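Only one structure is covered here, and it is reproduced in the block below.
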Amino acid sequence: MTWLITGGAGYIGAHVVRETLKSGRNVVILDDMSTGIATRIPDGVTLEEVTLVDKAGVEAVFAKHEITGVLHLAARKQVGESVEKPLYYWDENINGLTHLVGAMKNSGIKNLVFSSSAAVYGEPDIAPDALITEATHCLPINPYGATKLAGEWIAHALSASDDFHVAALRYFNVAGAGSPQLGDQFILNLVPIVFDALTKGNQPRVFGDDYPTPDGSCIRDYVHVQDLAEAHVAAMDYVERPDTTFAAINIGTGRGASVFEVLDMVREVTGLEVTPERIQRRAGDPAALTADVSRAAQLLDWQSKYDLRDIISSAWTAWQQTH
Ligand code: WQD
């Protein structure tokens with residue numbers, strides 16, 4: 001069995017590739033290497049350096065390899081950039097997806113695991129201490145989230161029209177590192193932003209301390225990238241079952257942590273002085289996003305193993321290796 005992993009040279013992709021290999025499947029990576037890193041690709045794994053926007057290039061990859069399923073992780077994923085360049089996001093994430101699933105259809109491949117996001121929920125109209133289930137109304141508030149929801153719709157339609165077997169994994173806040181070499185090298189999310197500030201002698205900033213949460217800062221569901229990678233293997237097993245149609249599945253821990261709690265853990269793990277600066281709210285930040293993970297347990301027989309301490313300590317070890 002050979003699985004095509006798009007985005008396999010990325011931060012999440014590198015973890016997913018390793019877990020897929022461990023599960024006994026062969027892997028081919030499709031990556032445009034715009035944010036991928038070649039040294040993350042394990043020996044013996046073929047890289048097809050192709051952009052999904054190149055329809056003929058994508059089709060050529062399917063003609064060349066005996067692919068049995070696709071893990072589709074490759075996408076543009078910066079919320080702010082998506083607001084500035086919406087057409088770029090629709091082109092890359094949606095035209096890219098249609099080229100990919102079109103090539104799957106032409107080759108008779110039906111098994112798809114799609115990287116979706118909690119961004120599909122936008123700012124859900126639920127109490128801050130409520131959990132988000134997959135039945136929570138989806139109303140993305142930026143083009144990035146909209147492309148993820150539209151991607152789910154395309155995959156869902158193909159499950160009806162062409163018998164695709166689909167798991168759309170709605171990732172919550174991914175952080176941590178499965179090994180010190182595989183850390184997130186971009187400084188775009190809370191944990192790397194905090195490490196970056198502290199190692200430059202600055203203090204982290206908390207975007208808003210007046211939310212309706214116990215300590216006033218936003219709550220998120222931080223999930224270890226290693227747990228996430230293992231969820232992908234469970235999702236491959238799931239879509240390989242003959243009775244699978246389509247399922248959107250939250251991937252988180254079911255436990256929320258506030259920004260202040262994350263910073264407390266950073267203080268404990270790094271031993272550095274952390275005295276956060278409280279600044280105004282960032283536009284578009286919901287007070288709390290914590291996953292109800294019962295569907296993942298039920299359909300994938302998967303649940304997270306790592307806690308916030310594991311996430312921060314693994315991310316810190318990786319950060320020190322590369323910065
Ligand atoms: C986490 C929390 C901030 C930086 C984003 C995307 C989402 C998904 C994951 C891809 C928030 C607070 C942050 C800082 C802070 N991406 N914060 N000070 O916004 O929850 O989710 O990444 O699928 O779609 O929206 O993640 O890491 O930016 O922020 O106080 O310097 O940390 O307000 O509450 P977010 P984040």
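The values are calculated or read from the model by the stated rules, or taken from the named source; none is laboratory data. Computed from a predicted model, the values in this text were never measured in an experiment. Backbone-built Cβ (ideal geometry, glycine too); neighbour counts: all protein chains shown.
Worth pointing out:
- Subset of segment 22-45 (residues that are touching a strand residue (DSSP E or B) at 6+ places or on another chain (Cβ under 9 Å), closer than 16 Å to HIS72 by Cα and not acidic (Asp, Glu)): ARG25, ASN26, VAL27, VAL28, ILE29, LEU30, MET33, GLY36
- Strands (runs of 3 or more DSSP E) wholly inside segment 1-94 containing at least 3 residues that are under 26 Å from ALA175 (Cα atoms): 2-6, 26-30, 69-72
- Residues that are more than 10 Å from the ligand (Cβ to nearest atom), under 22 Å from ASP307 (Cα atoms) and not assigned by TED's automatic domain parsing to the domain that holds VAL17 are absent from segment 201-208.
- Restricted to segment 145-254, the set of strands (runs of 3 or more DSSP E) holding at least 3 residues that are crowded, with 18+ Cβ neighbours inside 10 Å comprises 165-171, 173-175, 222-224, 246-251.
- Residue in segment 182-190 that is among the small types (Gly, Ala, Ser), assigned by TED's automatic domain parsing to the domain that holds LEU272 and away from the ligand (no atom under 12 Å from the Cβ) present: yes
Here's the yes/no breakdown for (1) closer than 24 Å to ASN250 by Cα; (2) buried (at least 17 other Cβ atoms within 10 Å of the Cβ); (3) among the β-branched types (Val, Ile, Thr); (4) in the same structural domain as THR136 (by TED's automatic domain parsing):
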| residue | (1), (2), (3), (4) |
| --- | --- |
| ALA38 | no, no, no, yes |
| PRO42 | no, no, no, yes |
| VAL50 | no, yes, yes, yes |
| VAL70 | yes, yes, yes, yes |
| LYS77 | yes, yes, no, yes |
| GLY80 | yes, no, no, yes |
| PRO86 | no, no, no, yes |
| GLY96 | yes, yes, no, yes |
| SER115 | yes, yes, no, yes |
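- Qualifying residues in segment 52-65 (those that are crowded, with 19+ Cβ neighbours inside 10 Å and in contact with a His (Cβ under 6 Å, 6 or more places away or on another chain)) - the one farthest from ILE94 (Cα to Cα): VAL58
- Output for segment 213-242, where each listed residue is among the charged types (D, E, K, R) and either touching a strand residue (DSSP E or B) at 6+ places or on another chain (Cβ under 9 Å) or within 11 Å of the ligand (Cβ to nearest atom) (or both): ASP215, ARG220, ASP221, ASP227, GLU240, ARG241
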